[in-house]
Amino acid sequence: MEYSMKQVSQMTGLTAHTLRYYEKEGLLPGVQRTKSGIRRFSGEDMEGLSLVCCLKSTGMTIKQIREFVALSMEGDGTLKQRCDMLIAHKRNVEEEIRQMQAHLDKVTHKIAWITGKCEALAARQRPPA
């Protein structure tokens, strides 16, 4: 099945401008065009776009994604390099998750502390029964 730019935009939430940018940057190298130049995204393009979005959302730079896509275009001879890239990226994401969990724990602790103070203040301000 093929998809138009508008359909892909609606399906992914990415703007047409972003999709054109990704293509220009080499992140979507296989997108075909009709004789009149209209982009037609294949199922394979959609799978590639899904990976690009995942990698970008988890902090991989456009440059790194471009390198990964270029290696993919070279075929199976680059499998080890691509795997190494993804392993390194996974480690970075796991470290970010650890850091964010520590921040979340701190915020949760602060909420509990403030809630306790608010409850104590409210209890002192209640008239005696």
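Couple of notes before you dig in:
- Some residue of the stretch 30-45 being of a type in the set (A, V, I, L, M) and under 15 Å from the mean Cα position of the chain (by Cα): no
For every residue, the table says whether it meets (1) without any contact (Cβ under 8 Å) to a residue 60 or more places away in the chain; (2) charged (D, E, K, R); (3) touching a strand residue (DSSP E or B) at 6+ places or on another chain (Cβ under 7 Å); (4) farther than 24 Å from residue 31 by Cβ.
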{"site": "63", "(1), (2), (3), (4)": "yes, yes, no, no"}
{"site": "71", "(1), (2), (3), (4)": "yes, no, no, no"}
{"site": "93", "(1), (2), (3), (4)": "yes, no, no, yes"}
{"site": "109", "(1), (2), (3), (4)": "yes, no, no, yes"}
{"site": "120", "(1), (2), (3), (4)": "yes, no, no, yes"}
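- All positions within the stretch 2-29 that are more than 17 Å from the chain's Cα centre (by Cα) and at positive phi: 26
- Filter result for residue 43 (among the small types (Gly, Ala, Ser) and either at pLDDT below 95 or under 17 Å from residue 83 (Cα atoms) (or both)): no
The values are calculated or read from the model by the stated rules, or taken from the named source; none is laboratory data. Since we're looking at a predicted model, the values are computed, not measured. Using ideal geometry, Cβ is built from the backbone for each residue, glycine included, and neighbour counts are taken over all protein chains shown.
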